[in-house]
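> The structure that follows is given in the form of structure tokens.
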């Protein structure tokens, strides 16, 4: 037994180390940030991310893709999702992607904002929403589903997700598609971001918010994975429960199991995220973001007790 750690929570305590994600590192004039979870499709690992030449801000960007034979050496494949057309809900920017592999197809979820866009104002700026694009191959081409969001901010200004909907993370559980996401209430600060869940019977929805939302009262990035019969949430960033590892046997009622300052904007290789397992094996590595003024991507490895 590790000193100061109970047998009950020992399995949730971890350390991590960094190494280069070759091909996705610091590059003059470019920002790469907010990587997706990593999916192994055929012989290659794939990751999607926000990329822009407009500075470190992710609100003026598009979604790109890279592939790797080993998770260390990456080859950028190109732009996966461009900005939407004139007047579209995703005209200004598309960013913060994540992946679902199901029904022999690839589903690329992403956050977007329309024109005109602002990140300031009495209500906190332009609302964000989540959409999805579909392809038969991780290399694309990608087709936007119905040209509209699959999850929009609540119309009730008192709800935790009435202003911002962002940062999807998908799990297949009990034959359904569980979309964990972060939300922010109208006229509230980023420090008051919380985590919710929407569930659908098909990858493209319709997604229905869980009645017990919000499930976690903190966090900035969303990262969840199957663990034993339940779900682990790595609560990154701000709020009273920030930088913790939490566990919910039912995927809903989370409790803090360990403190952890996780890698920034981390995605993970989650080999059983889409298998509907009841014996999740956890994660060992992933891709995260580094560099406040010059964001780029790196690899991290987890070490569990």
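The values are calculated or read from the model by the stated rules, or taken from the named source; none is laboratory data. Only a predicted model underlies this, so the values are computations on that prediction, with no experimental measurement involved. Methodologically, a virtual Cβ is constructed for each residue, glycine included, from the backbone with ideal geometry; neighbour enumeration extends over all protein chains shown.
> Yes or no: the stretch 205-219 includes at least one residue that is touching a residue at least 12 places away in the same chain (Cβ under 8 Å), surrounded by fewer than 21 Cβ atoms within 10 Å (Cβ to Cβ) and farther than 23 Å from residue 159 by Cβ.
So far as the stretch 205-219 goes, no, none of its residues is touching a residue at least 12 places away in the same chain (Cβ under 8 Å), surrounded by fewer than 21 Cβ atoms within 10 Å (Cβ to Cβ) and farther than 23 Å from residue 159 by Cβ.
> Next question, about the same structure. Does residue 149 satisfy the criteria of being crowded, with 20+ Cβ neighbours inside 10 Å, over 15 Å from the mean Cα position of the chain (by Cα) and within 22 Å of residue 34 (Cα to Cα)?
Spelling it out, residue 149 is indeed crowded, with 20+ Cβ neighbours inside 10 Å, over 15 Å from the mean Cα position of the chain (by Cα) and within 22 Å of residue 34 (Cα to Cα).
> Assess whether residue 256 counts as being in contact (Cβ under 8 Å) with a residue 12 or more places away in the chain, assigned to a strand (DSSP E or B) and under 19 Å from the mean Cα position of the chain (by Cα).
Against the criterion (in contact (Cβ under 8 Å) with a residue 12 or more places away in the chain, assigned to a strand (DSSP E or B) and under 19 Å from the mean Cα position of the chain (by Cα)), residue 256 does not qualify.
> Name the single residue, out of those in the stretch 104-136 being farther than 24 Å from residue 164 by Cα and either in contact with a helix residue (DSSP H, G or I) (Cβ under 8 Å, 6 or more places away or on another chain) or touching a residue at least 40 places away in the same chain (Cβ under 8 Å) (or both), that is surrounded by the fewest Cβ atoms within 10 Å (Cβ to Cβ).
Selected residue: 105.
> Right, next: Restrict the check to the stretch 32-55 and report whether at least one residue is more than 28 Å from residue 173 (Cβ to Cβ) and at pLDDT below 95.
yes
> Go through (1) on the phi > 0 side of the Ramachandran plot; (2) without any contact (Cβ under 8 Å) to a residue 24 or more places away in the chain; (3) in contact with a strand residue (DSSP E or B) (Cβ under 8 Å, 6 or more places away or on another chain) one by one and return the number of the condition residue 140 breaks.
Just one mismatch for residue 140, condition (2).
> Continuing with this model, one more query. Are any residues in the stretch 221-248 over 15 Å from residue 197 (Cβ atoms) and either free of Cβ contacts under 8 Å to residues at least 12 places away in the same chain or in a loop (DSSP other than H, G, I, E, B) (or both), and if so, which ones?
Selection gives 221, 229, 236, 237, 238, 239, 240, 241, 242, 243.
> So, one more: Any idea which residue in the stretch 46-64 is surrounded by the fewest Cβ atoms within 10 Å (Cβ to Cβ), counting only those that are in a loop (DSSP other than H, G, I, E, B) and touching a strand residue (DSSP E or B) at 6+ places or on another chain (Cβ under 7 Å)?
53
Yes/no per residue for (1) modelled with pLDDT of 95 or more; (2) farther than 16 Å from residue 50 by Cβ; (3) part of a loop (DSSP other than H, G, I, E, B):
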site: 76; (1), (2), (3): yes, no, no
site: 85; (1), (2), (3): yes, yes, yes
site: 96; (1), (2), (3): yes, no, no
site: 118; (1), (2), (3): no, yes, yes
site: 130; (1), (2), (3): yes, no, no
site: 140; (1), (2), (3): yes, yes, yes
site: 147; (1), (2), (3): no, yes, yes
